[in-house]
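To keep things clear, I will list the structure first and then write my remarks on it.
The values are calculated or read from the model by the stated rules, or taken from the named source; none is laboratory data. The model shown is predicted, which means the values in this text are computed figures rather than measured ones. We place every Cβ from the backbone using ideal geometry, glycine too, and count neighbours over all the protein chains shown. Accessible surface is based on the protein model in full, side chains and every heavy atom, while ligands, DNA and RNA are left aside. Shrake-Rupley method; radii C 1.70, N 1.55, O 1.52, S 1.80 Å.
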Amino acid sequence: MAGGARREVARLIKQLGSARYGCTIDRTKSGHWKVTKPECQPVIISHSPSDDHALRNARADVRRHLGIIL
């Protein structure tokens, strides 16, 4: 299950990094993904989520803080 969630996070990061959404993607020192968008609170996404519940939470944070519905 975690391998599938990891692939989904990679796909999510790739989508958010596209010009369509205007987000900036960085890696933190701990290896997590930091997604920022001007005028919005940054969202931190785990590089290796433990299950798909973590992935659902990441998508909810993106929707809530960045205003992006995926």
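When the residues of the range 1-18 are narrowed to those that are open to solvent by less than 90 Å² (accessible area, probe 1.4 Å) and without any contact (Cβ under 8 Å) to a residue 40 or more places away in the chain, which ends up farthest from the chain's Cα centre (by Cα)? The qualifying residue farthest from the chain's Cα centre (by Cα) is Gly3. Only a single criterion out of (1) open to solvent by less than 60 Å² (accessible area, probe 1.4 Å); (2) on the phi < 0 side of the Ramachandran plot; (3) modelled with pLDDT under 95 is not satisfied by Leu70, namely (1).
Here the range 19-31 is the region considered, the condition is being surrounded by 10 or more Cβ atoms within 10 Å (Cβ to Cβ) and over 9 Å from the mean Cα position of the chain (by Cα), and the residue that is nearest to Ile69 (Cα to Cα) is Tyr21. Considered as a group, the residues in the range 32-45 that are open to solvent by 40 Å² or more (accessible area, probe 1.4 Å) and closer than 22 Å to Gly3 by Cβ include one that is farthest from the chain's Cα centre (by Cα), and that residue is His32.
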